[in-house]
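The next block holds one structure in the form of C-alpha cells; read it before the comments.
The values are calculated or read from the model by the stated rules, or taken from the named source; none is laboratory data. If you're wondering where the values come from, they're calculated on a predicted model, not measured in any experiment. Cβ placement follows ideal geometry from the backbone for every residue including glycine, while neighbour counts extend to all protein chains displayed. Calculation scope for accessible area: heavy atoms of the full protein, side chains included, ligands and nucleic acids excluded. Shrake-Rupley method; radii C 1.70, N 1.55, O 1.52, S 1.80 Å.
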Amino acid sequence: MASIISLPRYNIPLKTISTLIIFLLQLLPDRAHRSSSRPAVPAVIVFGDSVVDPGNNNYIDTPAKGNFPPYGQDFPGHEATGRFSNGRITPDMMASALGVKELVPAYFDTRLVDQDLLTGVSFASAASGFDPLTSTIALAIPMMKQLDMFKEYKEKLRKIAGKKKAASIISESLYMVCSGSNDVAEYFLDPLRRPIKDIATYSEFLMQTASNFLQELVNLGARRVGVTGLPPIGCLPSQRTLAGGVLRRCAANRNDLAKKYNEKLKRELNRLTAKDSRAKLIYVDMYSVLLDLIQKPQKYGFRVSKRGCCGTGTLEVAKLCNRLCHVCSNVSKYLFWDSYHPTERAYKIIVDKIIQRDLHLLL
Ligand SMILES: *[C@@H]1O[C@H](CO)[C@@H](O)[C@H](O)[C@H]1NC(C)=O
C-alpha cells in the first residue's frame, strides 16, 4: 500500500507501471503461467485398451489388471493405479501438454469429483478390442460398452455444468481412441476361435468395427478425434517370445496384419472426415514411431528393446508381473516395462512426437 500511495510523488506514469507488472508476470515460472492461461481444450476423453486404461479394470472382474507392484513404481507416490506401466501413460501426458490436468482418471474411479468429469476421463479397459470376441475372452469392457459409459458421462456433465456448457465441452474436447492391438494378438494366439481365417478379411473386419465405433462417437458429439493406428505388434516382447524363434525376431504375421489394418484405417478416417464435415478424425501413426524406437533404441538412450523390465521381460504382464518378480535396476534403459507395454519414458517420447507431428490438425 505504501508504495502505491507514494507513486504520484515520483511521477511514474501508470503505463510504465503496468508494463513493468506485465514484464514481472512473464518472469514467473512456466507452470504458474500455464495454469492461469486457458487450456487448449476443455477436456481429454479417452477410449481403448490397456495403453490408455488408467484403472477401469480395477473395478471389474477380469484377470487383466495392473494395480499391484511393481506397476506404478515410478508413479507419483509409487501408487499402482491400474496403469500398465511403471508411471504415467499417454492420456496423462497429452492432458498435461494441453494444459488440462496432470492425470486423466478412470471413469469407474470411485473418488471422482465434479471437476474430474469436467476435464475428462478415460473409459478404456485393458485387454479389450474392437472385435467384440476379444473383450469377451478377456472379460474386458468392449468398445461399444465404453460408448454406453460415455452416454452416461454426458448426462452427468449436463447435471454438473448445465446443457450449454456440457455441449461445448463435448464438442471442443480432444478424443483419444486407442484399440485393436489385443485383437491382433488374440487372433494369432487362438485362431480357431476366430470365424475369419485370412488376415486380409480380418483386417477389413477390424477396420469396419473401428469405423462403426467412430461413427457412433461422432453421432454422440465428438468433433476432434485422434485415432491411434496399430503398433508393430509382432515386435512386442511377448510376440517375439510366442513366434519369434530363438533369435527373438519380430513376428512378421502380426506386423502384416497391423500394417494392412493401418492402411485401411487411414483411408477410412479420410473418407469419414470428408463425408461428415462436423467432425475431424485423424490417423495417429504409432507403427513407425514405435518401430524406430525398437530398431534404434540407442538413438533414444535405451539399451534394451527386445525384453521388458519386469521379470524375464519375455512373458510377464498383468498378474505375471507381480511383486515377486525381479525388476530391472534401471528402467530408463528399457523401452518396454512388461512384455506388452512401453515404459513411462518411452511413452513420453511417443507422445511428444505425436504432439509435434499431429496435434495441430485437431486444434
Ligand atoms: C539409468 O540409465 C539412464 C539412461 O541410460 C542414465 O542416463 C542414468 O544415469 C542411469 N541411472 C543410473 C542410476 O544408473
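State all residues of the stretch 184-197 that are open to solvent by less than 70 Å² (accessible area, probe 1.4 Å) and part of a loop (DSSP other than H, G, I, E, B); if no residue qualifies, say none.
Correct list: Asp190, Arg194, Ile196.
Here is a yes/no grid of residues against (1) part of a helix (DSSP H, G or I); (2) closer than 22 Å to Asp92 by Cα; (3) modelled with pLDDT of 95 or more; (4) among the aliphatic types (A, V, I, L, M):
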site	(1), (2), (3), (4)
Asp148	yes, no, yes, no
Lys159	yes, no, yes, no
Ala167	yes, no, yes, yes
Tyr175	no, yes, yes, no
Asn182	yes, yes, yes, no
Phe205	yes, no, yes, no
- Query: Which one is most open to solvent (accessible area, probe 1.4 Å) among residues in the stretch 348-363 that are under 13 Å from Met176 (Cα atoms) and assigned to a helix (DSSP H, G or I)?
  - Reply: Ile355
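Take Ala64 and decide whether it is at positive phi and crowded, with 19+ Cβ neighbours inside 10 Å.
Working: at positive phi: no; crowded, with 19+ Cβ neighbours inside 10 Å: yes.
So Ala64 does not fit the description; no.
Conditions tested, residue by residue: (1) surrounded by fewer than 14 Cβ atoms within 10 Å (Cβ to Cβ); (2) more than 13 Å from the ligand (Cβ to nearest atom); (3) in a strand (DSSP E or B); (4) under 18 Å from the mean Cα position of the chain (by Cα).
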| position | (1), (2), (3), (4) |
| --- | --- |
| Ile294 | no, yes, no, no |
| Phe302 | no, no, no, no |
| Leu315 | no, yes, no, no |
| Leu335 | no, no, yes, yes |
| Tyr340 | no, yes, no, yes |
| Ala346 | no, no, no, yes |
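Would you be able to tell me the number of residues in the stretch 317-326 that are crowded, with 16+ Cβ neighbours inside 10 Å and either within 16 Å of the ligand (Cβ to nearest atom) or assigned to a loop (DSSP other than H, G, I, E, B) (or both)?
Residues that pass the stated criteria total 3.
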- Give me a count of the residues in the stretch 304-313 that are under 22 Å from Asn67 (Cβ atoms) and part of a strand (DSSP E or B). 2
- How many residues are closer than 25 Å to Lys353 by Cα, charged (D, E, K, R) and assigned to a helix (DSSP H, G or I) when one looks only at the stretch 207-232? 0
- Name every residue in the stretch 234-261 that is surrounded by fewer than 18 Cβ atoms within 10 Å (Cβ to Cβ), in contact (Cβ under 8 Å) with a residue 12 or more places away in the chain and small (Gly, Ala, Ser), in order of residue number. Ala243, Ala252
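Output yes when any residue across the stretch 262-275 is open to solvent by 20 Å² or more (accessible area, probe 1.4 Å) and on the phi > 0 side of the Ramachandran plot, and no when none is.
Residues of the stretch 262-275 that are open to solvent by 20 Å² or more (accessible area, probe 1.4 Å), as a first pass: 263-264, 266-267, 270-271, 273-275.
Next cut, on the phi > 0 side of the Ramachandran plot only: none.
Within the stretch 262-275, not a single residue is open to solvent by 20 Å² or more (accessible area, probe 1.4 Å) and on the phi > 0 side of the Ramachandran plot.
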- Which of (1) within 16 Å of the ligand (Cβ to nearest atom); (2) surrounded by 15 or more Cβ atoms within 10 Å (Cβ to Cβ) is the odd one out, the single condition Gly311 does not satisfy? (1)
